[in-house]
1. Among strands (runs of 3 or more DSSP E) lying entirely in the range 1-119, which contain 2 or more residues that are over 27 Å from A150 (Cα atoms) and open to solvent by 70 Å² or more (accessible area, probe 1.4 Å)?
2. Any idea how many residues of the range 158-195 are part of a strand (DSSP E or B) and either in contact with a His (Cβ under 8 Å, 6 or more places away or on another chain) or open to solvent by 70 Å² or more (accessible area, probe 1.4 Å) (or both)?
3. Restrict the check to the range 95-107 and report whether at least one residue is under 18 Å from the mean Cα position of the chain (by Cα) and of a type in the set (S, T, Y).
4. Limited to the range 41-59, what total is found for residues that are in contact with a strand residue (DSSP E or B) (Cβ under 8 Å, 6 or more places away or on another chain) and closer than 15 Å to S6 by Cβ?
5. Just one of (1) more than 22 Å from the chain's Cα centre (by Cα); (2) farther than 30 Å from S133 by Cβ; (3) among the aromatic types (F, W, Y) trips up F79, so point out which.
6. So L16 passes all but one of these: (1) more than 25 Å from L127 (Cβ to Cβ); (2) modelled with pLDDT under 90. Which condition number does it fail?
7. Looking at L153, L132, L127, L146, can you tell me which residue is open to solvent by less than 50 Å² (accessible area, probe 1.4 Å), assigned to a loop (DSSP other than H, G, I, E, B) and within 26 Å of H38 (Cβ to Cβ)?
Amino acid sequence: MAAFRSVGQTLADEGLGLSMLQDRTTTTKELILEILRHIDGVMYVEPSTGLLKIKLVRFDYDPGEIPVLDVDSCTVKSFARPSWGDMKNTVRVSYVGRDSGFIEKIAQAQDLASVEVQGGEVSLQNLTLRGLSNPTTAQLAAARALAALAYPLATITIDADRSAWAFRPGGVFKLVWEPMGITGMVCRVVRVGTG
């Protein structure tokens with residue numbers, strides 16, 4: 001309950017409330033995934049307790065205090081970064097504006113440096129977040145999505161030793177991998193294989 005209350009407080013502090021109408025048949029899982037997509041969160045079963053945990057993907061950590069994986073504790077199995085041509089430089093979020101009679105509106109965020117490098121708006125990402133109902137939260141959601149889509153984030157697969165036993169989805173760690181010249185790259189855990 002503490003994790004859910006903490007997430008609720010963070011969302012309240014951000015002014016991020018959802019106003020959704022569910023008018024079609026869907027599974028509970030699909031509905032939860034839609035809510036997680038709106039709030040930029042992850043949910044997982046904590047292996048040590050069997051209880052559901054929730055975590056928001058936010059810059060809520062101190063890079064100097066997070067765990068470190070290096071050549072002594074892990075092996076990098078794959079590493080890839082997208083090229084500039086694969087990057088998105090504009091994000092548009094469709095939302096339902098409560099203050100304008102519940103009509104669909106658009107909030108937009110752009111990475112102007114990427115627009116300049118690519119010679120214009122060449123990569124566009126449209127997100128439909130109809131649970132958002134005001135321009136402020138829609139703009140924040142667009143900016144959060146742009147931060148992930150406009151930067152060449154690396155995709156890494158790592159085999160780690162037991163020093164990574166507490167890693168969970170949404171958590172962060174620092175990678176120091178001298179063979180590739182990586183000297184402290186902050187990474188976010190997407191999936192954990194416990195085998």
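The values are calculated or read from the model by the stated rules, or taken from the named source; none is laboratory data. This one's a predicted model, so the numbers in the text were calculated from it and none came from an experiment. Counting neighbours? That spans all protein chains shown, and the Cβs are built from the backbone with ideal geometry, glycine included. What goes into the accessible areas is simple: the full protein's heavy atoms, side chains included, and nothing from ligands, DNA or RNA. Shrake-Rupley method; radii C 1.70, N 1.55, O 1.52, S 1.80 Å.
1. Details: elements: 41-45, 52-56, 74-80, 90-97, 103-110.
Because the criterion is at least 2 residues that are over 27 Å from A150 (Cα atoms) and open to solvent by 70 Å² or more (accessible area, probe 1.4 Å), the strands (runs of 3 or more DSSP E) in the range 1-119 that meet it are 52-56.
2. At the first step, the residues of the range 158-195 found to be part of a strand (DSSP E or B) are 158-160, 172-177, 182-188.
Next cut, either in contact with a His (Cβ under 8 Å, 6 or more places away or on another chain) or open to solvent by 70 Å² or more (accessible area, probe 1.4 Å) (or both) only: 159, 183, 188.
The qualifying residues number 3.
3. Going through the range 95-107, the residues under 18 Å from the mean Cα position of the chain (by Cα) turn out to be none.
Scanning the range 95-107 turns up no residue that is under 18 Å from the mean Cα position of the chain (by Cα) and of a type in the set (S, T, Y).
4. Residues of the range 41-59 in contact with a strand residue (DSSP E or B) (Cβ under 8 Å, 6 or more places away or on another chain): 41-46, 51-57.
Those left that are additionally closer than 15 Å to S6 by Cβ: 41-43, 46, 51-57.
Total satisfying the criteria: 11.
5. (1)
6. Only one criterion is unmet by L16, namely (1).
7. On the way: L153 fails: open to solvent by less than 50 Å² (accessible area, probe 1.4 Å); L127 fails: assigned to a loop (DSSP other than H, G, I, E, B); L146 fails: assigned to a loop (DSSP other than H, G, I, E, B).
Being open to solvent by less than 50 Å² (accessible area, probe 1.4 Å), assigned to a loop (DSSP other than H, G, I, E, B) and within 26 Å of H38 (Cβ to Cβ) holds for just one of L153, L132, L127, L146, which is L132.
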